[in-house]
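Below you'll find the structure, written out as structure tokens, and then a few comments.
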Amino acid sequence: MTFLWGLKRPSGVIDYYLRRTQRVDGKPKVVMNIYLGTADRILELYQRGGVADEDFRLISFQFGTIAAIASVDRELGFTEIVRDVTKSDATADALLSFVCGRSEEPLSKNAMEEWSRRSALRFLRALPSLSSRSYLRYMDRLTQEHVSQVSFRIAKKLIEMGHDPSIVFFDTTNFSTEQQPRDGEERTLPRPGHAKDHNSQARLVGLATATTGGPNFLPVMHETYEGNEQDVTVFQRTIDSMIETLQKLGVRCEDICFVFDKGMNSEDGFTALTGSDAHFVSSLKRNQVEEGLLRLGPGDYTGAYETEQGEEIRTLRRGKEVTVMGVSGIVVLAYNSAAERRQHEDYQSARRRFVEGCEEISRSLASRNNNEHRRGRPPTVEGTTRRVIALAPEKWRRVFRFRVGNTLESDEKITLTYWVDAKAEREKMKGFGRTAVFTDMKEWSDERIVRTYFARGGMEEDYHVLKDALLFPVMPIYHRLDPRIRAHVFMCVMGLLFYRYMQWRIEKETGDRIPIARMVSDLKRIRLGGLITKNGARYDGDGKRRKRIKFKLEDMGEEEKKIVGVFKMEEFVPN
């Protein structure tokens, strides 16, 4: 029963409580004890509409991303899988906390504990210690064998849900680290190499990912490797293990088709694919294409289709089979006039930058040679060469030519000669907008072959997510030990998987496919408001005073409401 109960103070003032009792184990027990105040206080609250202004305060949290991750975790069973593999509840909860934290901010391990204290996640689930020391302990529990098991079981779950991994998109990238390993140290991952973010001073860590076919691009396999290993070598080394994993997942080898860029082409790679009965869709370099094919005009192409962006792609299949690097296949040419215009504009911009930059360097050298300017250190051949190289993108260096050297009259005087190779320029421009797709899938239509190859562009969004500080960045990497770097990259790839899965769920429920950047922006606008009462309440008759918080989703727009419905976020509001 529920009733009013009064407790008289020594001063004679009576405090009133709203109590409820019921029998527990055959004995009456107080199960609710809510403090109402004195009679005057109750009257004041009644006249104010129930709550006095000074009796509460408001709190607000980002909620959309965390609730969406919790919903995806419930469907994929990520924390359950990690818990089962590592035999550690704390490790599973800590990894999910990392995914939530890194999706909201580019947090370091040192900042996770402070973030958890101001995050809505602490109201959704009990969190383990998230101190830096504790996090390193969790990462050390996540061995390479554990990473492989978790990745395999997640991939198996996705296949059970209907995602088809028979079309596999493979690509690589690398990330700059803050580490400079010394010779002799047992650290092999961070190595100097060709940085794709053009940070030539940093040591690099490489990442290869294999995703399901578009448009979902769910990462089902990945490998972290040394930053100085070439892409083609990585592909050769990992192809057998990827095929073996896919077979364990129940995919027949003859149904597997790898899609990759021409930078992965090698005789060993093609031999490994065809020797296992797997198939491929790739492209050819200009020197691997029959003379004259890339010079064909738009009218020579026989087929055509339109992309989702409204661009026309023209296609042409060469009738005869060709052999490239010991492998037989067919070549389907693709021409995109819009891509031709973009490449032409990109080239002209790069050409202007090269010419204008070299003119400025030449004027500076001439001024120095004529004793018109003597301030600062004198230029050197090596330093001037580096300045000119920085003006010429690598893909245009066969076109943009230069020579730096000392003059005949003095070793202290330097000259720069630069020019644009007209013949190389013409050859480059003839290939603008044209791609030679190479495949052994002879029974596919031209449109399907070209669409499949160009769908690789969807993986660029994956790497954008992993490099954008506002999305789910891998960088910065401050870990020194290889196992911890691998664990860090694994958790970031899992974050990418969560994002891709969210994108797929939204498209499935609403019919709209939105870019990940926009989806994350929409999620961050979904906020949770909380009302904390000042006086609190007593629960379970234990006499302990606790804060009483009432949560509610804040007002939002129509797009955000759709997302709330897709992930059933109301179920995660912690009341």
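The values are calculated or read from the model by the stated rules, or taken from the named source; none is laboratory data. On a predicted model such as this, the values are computed, not experimentally measured, just so you know. Here the Cβ is made from the backbone with ideal geometry for all residues, glycine too, and neighbour counts use every protein chain on show.
Things to note:
- Residue-level check: of (1) among the basic types (K, R); (2) within 24 Å of R456 (Cβ to Cβ); (3) in a helix (DSSP H, G or I), R368 misses just (2).
- Per-region count, segment 253-271, residues free of Cβ contacts under 8 Å to residues at least 40 places away in the same chain and over 24 Å from the mean Cα position of the chain (by Cα): 4
- Check on G263, in a loop (DSSP other than H, G, I, E, B) and surrounded by fewer than 16 Cβ atoms within 10 Å (Cβ to Cβ): no
- Checking each residue in segment 302-347 for being assigned to a strand (DSSP E or B) and among the aromatic types (F, W, Y) picks out Y305, Y335.
- Pick from segment 272-302, criterion of a type outside the set (S, T, Y), touching a helix residue (DSSP H, G or I) at 6+ places or on another chain (Cβ under 9 Å) and surrounded by 16 or more Cβ atoms within 10 Å (Cβ to Cβ), ranking: modelled with the lowest pLDDT: L294
- Selected residue (only one of R386, R352, R377 is exposed (fewer than 11 other Cβ atoms within 10 Å of the Cβ) and either part of a helix (DSSP H, G or I) or of a type in the set (D, E) (or both)): R352
- Flag for F152 being at pLDDT 75 or above, assigned to a helix (DSSP H, G or I) and of a type outside the set (G, A, S): yes
- Beta carbons closer than 9 Å, at least 6 apart along the sequence or on distinct chains, pair a first residue in segment 207-224 that is under 19 Å from I514 (Cα atoms) with a second that is of a type in the set (G, A, S) and part of a loop (DSSP other than H, G, I, E, B) for T212/S166; G213/S166; G213/A455; G214/A455; P215/A455; F217/A455.
- Scanning segment 493-516 for residues that are in contact with an Asp or Glu (Cβ under 7 Å, 6 or more places away or on another chain) and over 14 Å from E559 (Cβ atoms), we see that the one that is surrounded by the most Cβ atoms within 10 Å (Cβ to Cβ) is L496.
- Residue within segment 107-114 that is in contact with a Pro (Cβ under 6 Å, 6 or more places away or on another chain), assigned to a loop (DSSP other than H, G, I, E, B) and either surrounded by fewer than 21 Cβ atoms within 10 Å (Cβ to Cβ) or β-branched (V, I, T) (or both) present: no
- Only one of G269, G319 that is within 20 Å of M441 (Cβ to Cβ) and surrounded by fewer than 17 Cβ atoms within 10 Å (Cβ to Cβ): G319
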